[in-house]
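Below: the structure, in structure tokens.
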Amino acid sequence: MNQWQVGNIKITRVVEMQVAGGSRFILPDATREACLSIDWMQPHFMDVDGNLIMSIHALVVDTGERRIVVDTCIGNDKQRSIPNWTNLQTDFLKDLAAAGYPRETIDTVLCTHLHVDHVGWNTMLVDGEWVPTFPNARYLLAEKEWQYWDANEDEAQYGPIMADSVRPVIEAGLVDFIDWEHEVTPEIRLEPTPGHTPGHVSIHIRSNGEEALITGDCIHHPCQMTRTDWCSSADFDQTVGRQTREGLLERYVDQDILIIGTHFATPTAGHIKHLKGGGYWLDVG
């Protein structure tokens, strides 16, 4: 578990899984040989053999008055096409409670997008039925994102994601469809970062003169800061995704804004810096 204070807001990372290797299917250009030359990524984001280290985690944004979960990982009991993601039995909810956030105390769930590893704990299996995991929360979904997946879901790719992790919370009346520039609170707003999906958003936090950005998947792994041309195989539009990524890096480089990666391994957060010779790197010092 990592934790950061951004002004008056506390952000807590709750990990579902963190692994080295197995990322080639999502970043096919990131071969071991290519990654080993990006030496700043060791030891946090790459092992000694050049395998990328990636995390799947949720981030709890606690304003003191609101408890917001950003992205809900893969979830237990879900049938998925990726063997290591199917029928998980993790202690995610216990870990969330141990961090001080029992599921009943969460008042808002915010998904950066509707991919398999960002919506799973929206629901849980109870007596053979998918029920909302966070019964006292409003689930905020960018309307642009939902409209796309409602019309274009492909269950053959990862599994019945909408059926087991999204539609049940809609049917329970817990979803608010929002604009992708929505202000959640005066300190928290959505920032459109399209390309990975049509309605993908990042989460921008400003509090008491301090700033942070939760990336979502517009940057899957810190290697894409140095190699902005490395695009995810899961990108809806790789050209737009790269433009979004490069624009974000240029906008926030050398700025006092904490970048918290939705898949960045421990320590997960840092500041974007110019890299000698071109590109960028993440300073976690």
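The values are calculated or read from the model by the stated rules, or taken from the named source; none is laboratory data. Predicted model only: the values in this text are computed from it and were never measured. All Cβ positions, glycine included, derive from the backbone under ideal geometry; neighbour counts span all protein chains shown.
Key figures
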| item | result |
| --- | --- |
| Selection status of Val131, surrounded by fewer than 16 Cβ atoms within 10 Å (Cβ to Cβ), outside any loop (DSSP other than H, G, I, E, B) and touching a strand residue (DSSP E or B) at 6+ places or on another chain (Cβ under 8 Å) | yes |
| Some residue of region 9-23 being assigned to a loop (DSSP other than H, G, I, E, B), at pLDDT 95 or above and hydroxyl-bearing (Ser, Thr, Tyr) | no |
| Selected residue (criterion: surrounded by the most Cβ atoms within 10 Å (Cβ to Cβ)) from residues of region 62-89 that are within 18 Å of the chain's Cα centre (by Cα) and of a type in the set (S, T, N, Q) | Thr72 |
| Subset of region 239-255 that is out of contact with any strand residue (DSSP E or B) (no Cβ under 7 Å at 6 or more places or on another chain) and charged (D, E, K, R) - its residue that is surrounded by the most Cβ atoms within 10 Å (Cβ to Cβ) | Arg245 |
| Which listed residue, of Leu52, Leu36, Leu59, is surrounded by 15 or more Cβ atoms within 10 Å (Cβ to Cβ) and free of Cβ contacts under 8 Å to residues at least 24 places away in the same chain | Leu36 |
| Positions within region 72-124 being among the charged types (D, E, K, R) and either on the phi < 0 side of the Ramachandran plot or in contact with a Lys or Arg (Cβ under 7 Å, 6 or more places away or on another chain) (or both), in sequence order | Lys78, Arg80, Asp91, Lys94, Asp95, Arg103, Glu104, Asp107, Asp117 |
| Residues being in contact (Cβ under 8 Å) with a residue 12 or more places away in the chain and more than 18 Å from the chain's Cα centre (by Cα) - total across region 181-214 | 7 |
| Residue match in region 84-105 (condition: touching a Leu at 6+ places or on another chain (Cβ under 8 Å) and in a loop (DSSP other than H, G, I, E, B)) | yes |
| Residue in region 244-265 that is on the phi > 0 side of the Ramachandran plot, of a type in the set (D, E, K, R) and modelled with pLDDT of 95 or more present | yes |
